[in-house]
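The next block holds one structure in the form of structure tokens; read it before the comments.
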Amino acid sequence: MTDGSSTGPSPVWEEYQGARTGTDIECEGWRQEAALRMLNNNLDPDVAEDPENLVVYGGIGQAARSWDAYETIVEELRSLADDQTLLVQSGKPVGRLQTHERAPRVLIANTNLVSKYDTWEHFRDLDEKGLMMMANYTAGSWGYIGTQGVLQGTYETLAEVGRQHFPEIEGLRGKIVATAGLGGMGGNQPLAVTMNQGVCIVAEVSEERIDRRIETGYCQEKADNLDEAIERAREHAERGKPYSVAVPVNAVKMLESMLDRGIFPDVLTDMTTAHDELNGYYPLGYTTEEADQFREEDPDRYVEEALDTMERHVDAIIELQDRGTVAFAYGNNIRGQVADHRDGDEPWPLSGTPADERDPFDFPGFVPAYVRPLFCRGKGPFRWVALSGKEEDIYRTDELVREMFPDDESLHRWIDLAQEQVEFQGLPARICWLGQRAEDDKSDEPLSERARFALRVNELVGKGELSAPVVVTRDQLDGGSVASPTRATEDMKDGSDAVADWPILNALTNCAAGADIVSVHGSAGSFGLATSSNNHVVLDGSDLAAEKARTVLDADPSTAVLRHADAGYEEAIEEARESDVHVPMRETGPLDYETE
Ligand code: NAD
């Protein structure tokens, strides 16, 4: 995972232990300072899953390629001028160029391989030689904000599950959601379920991960065994009380036991690290210690056993779906892994269907099932981070959301829940799914919700109402910034699932519009299956920041609308019309109006 040029954590990182806070800066300007703080925030021991190995989340998703590379990025950022740009290639700083003030300060390209070589095998070889790192999404783009980052996405997804499948009840009250994986991202699930009034039962092989989620308030209790967990979950569901319980077992053990006992959860998903069969997913029949040793001693056999376990995992999900459970895949490529691996003809445990008649994709992905209508409207996982380190700054921005979007009840509910229930990790941050034009925007200058909000935040920084600059960024899994045919772009209306031009256009758009950090990533763990891009804008109260907020944060969500309008989604075409996003070959946007 590192290039071997340095072992052990760097003393520079040891000294930081997370981002610096306050208003004194160690760089030439706030935009460089913001990049440095975001990098260190990604590697904060309270934020990252395994920072001593540079790992932020998602199996082996790193923030820098090696400790030497980390130290050099820090040095480069400290001395980077306001008209220079640092180039980072797979977590290693490779150049500093003279550009101009409005250009990005940092450009990042991570884990991109040409298609013929876009495989785990080739990646591992390069990783071993110190030539590449796994960056996942926000790990290598320095936009990770801890488990909160995926929380609102899961909350929105589950709210939609409730609306579609259980319209007669409030959210998921009285319903049991079964899932697995309490890692950096998966750890959000129990809280997202209880925020929707439901009951969550979650299998996680690592007791340490369970304890971490309980300490940070993401999960309520740990059960010693499955019987106890199921009993407590049923009891709470019968009383309609929101509740979450984790059980230290393999996901497959939990699901097969449920099938054996005739206990069918209402909703079922999964956030184990199935995308990585070697360093992420745990095969059945081992403790984590035994499995870690097994991986070291015989990686090939480990991979075989992990994939065999995944097959049983997917089989159990589909068996439960056949018995009435609402099942969906949640972005870990478990279906793709099994589709690639499957060749046996063992019958399913209960239904007796032979293997060649099973399709792992028989249960849907979460984006086509629940999220795509939001992407069509340019809505997605927007977030901001208070560089001051002060929680009050985030609470002030929460107020601003309420002031600016007075009619958006679901946004208000989200902010209330987040304030009550989300513990900050590292720099205080807020995720908030904003998008294109707000329904209540009556202004002459049509701007996206994100741009309008960022402009107001910039004003608050300028006036000193926020104590230091704020960085706005997002997850790569947004409407216009990712191509991943087994996840965000699965089952597109026009069949354009695998077209990776869109995230590239998104990154180029962000550069053209002047974002402060722009990144393009290949695989997020599933080789050959993803290209994505990300952006950061630093709001330091200046006119330049206002200009960037106006252009970047309007153009960026517009690419989501364009991408979905091009694919023929009516909601996106309507959004383009309402938001004056011009789509040349569709009858939308201001130019069409002018020619009418
Ligand atoms: P992580 O590596 O931090 O955690 C994964 C967890 O799964 C670990 O705690 C591990 O012990 C547990 N685990 C592995 N195999 C298991 C098994 N068979 N049974 C029970 N527990 C098992 O990873 P993460 O950051 O939490 O990400 C999890 C997955 O979710 C990844 O595949 C990632 O790509 C995906 N993801 C999806 C979204 C989304 O928007 N839906 C967002 C981020 C990540």
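Figures for the structure shown
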| quantity | calculated |
| --- | --- |
| Residue ID - modelled with the highest pLDDT, chosen from residues in segment 346-386 that are of a type in the set (Asp, Glu) and assigned to a helix (DSSP H, G or I) | 362 |
| Condition check for residue 576: buried (at least 21 other Cβ atoms within 10 Å of the Cβ), more than 24 Å from the chain's Cα centre (by Cα) and either more than 16 Å from the ligand (Cβ to nearest atom) or free of Cβ contacts under 8 Å to residues at least 40 places away in the same chain (or both) | yes |
| Only listed residue being surrounded by 24 or more Cβ atoms within 10 Å (Cβ to Cβ), in contact (Cβ under 8 Å) with a residue 24 or more places away in the chain, assigned to a loop (DSSP other than H, G, I, E, B) and touching a strand residue (DSSP E or B) at 6+ places or on another chain (Cβ under 8 Å), chosen from 145, 201 | 145 |
| Unmet requirement for residue 218, which otherwise passes all of (1) in a helix (DSSP H, G or I); (2) within 14 Å of the ligand (Cβ to nearest atom); (3) surrounded by 24 or more Cβ atoms within 10 Å (Cβ to Cβ) | (1) |
| Among the candidates 322, 266, residue that is at pLDDT 95 or above, surrounded by fewer than 21 Cβ atoms within 10 Å (Cβ to Cβ) and more than 12 Å from the ligand (Cβ to nearest atom) | 266 |
| Where residue 528 falls short, out of the listed (1) without any contact (Cβ under 8 Å) to a residue 24 or more places away in the chain; (2) closer than 30 Å to residue 87 by Cβ; (3) touching an Asp or Glu at 6+ places or on another chain (Cβ under 7 Å) | (1) |
| Residue in segment 485-504 that is at pLDDT 95 or above, touching a Gly at 6+ places or on another chain (Cβ under 7 Å), within 25 Å of residue 91 (Cα to Cα) and buried (at least 18 other Cβ atoms within 10 Å of the Cβ) present | yes |
| Conditions (1) without any contact (Cβ under 8 Å) to a residue 40 or more places away in the chain; (2) surrounded by 24 or more Cβ atoms within 10 Å (Cβ to Cβ): number failed by residue 508 | (2) |
| Candidate set: segment 377-393, residues that are surrounded by 22 or more Cβ atoms within 10 Å (Cβ to Cβ) and over 18 Å from the mean Cα position of the chain (by Cα); chosen: the one nearest to residue 571 (Cα to Cα) | 377 |
| Sole exception among (1) farther than 14 Å from residue 205 by Cα; (2) outside any loop (DSSP other than H, G, I, E, B) for residue 245, by number | (1) |
| Meets criteria (buried (at least 23 other Cβ atoms within 10 Å of the Cβ) and in a loop (DSSP other than H, G, I, E, B)) for residue 450 | no |
| Residue identified as of a type in the set (Asp, Glu), assigned to a helix (DSSP H, G or I), modelled with pLDDT under 95 and over 19 Å from the mean Cα position of the chain (by Cα) among 420, 459, 399 | 420 |
| Subset of segment 277-296 that is of a type in the set (D, E, K, R), within 19 Å of residue 60 (Cβ to Cβ) and assigned to a helix (DSSP H, G or I) - its residue that is nearest to the ligand (Cβ to nearest atom) | 292 |
| All positions within segment 77-105 that are more than 21 Å from residue 62 (Cβ to Cβ), small (Gly, Ala, Ser) and in contact with a strand residue (DSSP E or B) (Cβ under 7 Å, 6 or more places away or on another chain) | 103 |
| All positions within segment 54-82 that are in a loop (DSSP other than H, G, I, E, B) and away from the ligand (no atom under 16 Å from the Cβ) | 64, 65, 66, 80, 81, 82 |
| Residue that is nearest to residue 412 (Cα to Cα) [pool: residues in segment 183-198 that are part of a loop (DSSP other than H, G, I, E, B) and within 9 Å of the ligand (Cβ to nearest atom)] | 185 |
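Residue-wise test of (1) touching a strand residue (DSSP E or B) at 6+ places or on another chain (Cβ under 7 Å); (2) crowded, with 23+ Cβ neighbours inside 10 Å; (3) under 29 Å from residue 330 (Cα atoms).
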residue	(1), (2), (3)
48	yes, yes, yes
51	no, no, yes
55	yes, yes, yes
67	no, no, no
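The values are calculated or read from the model by the stated rules, or taken from the named source; none is laboratory data. None of these values were measured; they are calculated from a predicted model. Quick reminder, even Gly has a Cβ in these numbers, built from the backbone with ideal geometry, and neighbours come from all protein chains shown.
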